[in-house]
């Protein structure tokens, strides 16, 4: 048996590093164990490597409204370490933050690796002992107390333990659900994970061909067995397998629920601010200006070149419409078909992408089994649980990392 620590933190991701540094800064003797060869592997790729570090919603009640039923459990921890605290913390480490669209906050450098470096700086300054490339294989326990951990290299003991191994999104970074398995063995109620913030798979070849094309300000409406269910407006990204982008990622959970019931389709409105009549007039005006151009070329004056290619393909399936016709010769009924299509581009949803593409997956210990004032397990007096190991749904936009900073800080302050 090796030397005794005050705290052992299992997992060197966002919440684990925050917890370890916070505990050590309070004078605790802390060991951080990470199975990867480097700390912060997943953190280094978040936000497309830009790292959406938090959401600049400073009012706690408004912020927690994004966490669904978990909000009732989270007021205490978020009151102890909230959004303003996140700004103060990282800026104190020499990493200023900037707020961009939809209150998304990023490091001013827009480099996720700089966030990892700042946290490593914090760990070093706090004298955290770090062991990387060492995988925990077993958590030892007896009579409601964790008594030690076994790794592939040694056995360690501490007075307290913080479990911060993350969930199952981006398994390539080491998030393989180890913590869920351990917590189940310890007797905790663990909800199975599902990819909740994830791209959507479709069967539409016209959109697959436009992979990489993005559409700003589009409205997508989802239908279950032909009946309208819900709509969202924002940025869409067309991919070779379907749809992605913030609007889609934040719709995926609801879409997944619909897929469990029946057939899901969707329509994309490229001009949600205009009704059919106003859009038709806009097209009439453009036809008048470009009356000697071919219909397929004038479409590029209405929508982006990328989207125009998809619209052309869909219109070409209507044998009555000739895309090579000059617009001055396009009949009224054909023009109205163009207008209608721009308001209702068809999408057939076939499923959600898996954990490998998930930004966030839910699942984890139910909050009824956690004292969220301290992040302590109600089953084990010296075990604390943080971050993605908690069963909390939330959208993309900085909410997941804020959850990590908050729960990591609270656990590190409580041990």
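The values are calculated or read from the model by the stated rules, or taken from the named source; none is laboratory data. Worth saying up front: this structure is predicted, and the values here are computed from it rather than measured. Using ideal geometry, Cβ is built from the backbone for each residue, glycine included, and neighbour counts are taken over all protein chains shown.
Structural remarks
- Residue in region 215-224 that is part of a loop (DSSP other than H, G, I, E, B) and outside the structural domain of residue 392 (by TED's automatic domain parsing) present: no
- Among the conditions (1) closer than 18 Å to residue 347 by Cβ; (2) modelled with pLDDT under 90; (3) part of a loop (DSSP other than H, G, I, E, B), the only one that residue 292 does not satisfy is (1).
- Those residues of region 128-161 which are under 13 Å from residue 381 (Cα atoms), assigned to a strand (DSSP E or B) and free of Cβ contacts under 8 Å to residues at least 60 places away in the same chain, in sequence order: 142, 147
- Which numbered condition residue 213 fails, given (1) touching a strand residue (DSSP E or B) at 6+ places or on another chain (Cβ under 9 Å); (2) modelled with pLDDT under 90: (2)
- Qualifying residue in region 78-94 (condition: surrounded by 14 or more Cβ atoms within 10 Å (Cβ to Cβ) and under 18 Å from residue 389 (Cα atoms)): yes
- Residue within region 261-272 that is touching a helix residue (DSSP H, G or I) at 6+ places or on another chain (Cβ under 7 Å), within 29 Å of residue 328 (Cβ to Cβ) and part of a strand (DSSP E or B) present: yes
- Residue within region 273-289 that is more than 20 Å from residue 314 (Cα to Cα) and in contact with a strand residue (DSSP E or B) (Cβ under 7 Å, 6 or more places away or on another chain) present: no
- Filter pass, residue 22 being at pLDDT below 95 and either closer than 13 Å to residue 123 by Cβ or crowded, with 19+ Cβ neighbours inside 10 Å (or both): no
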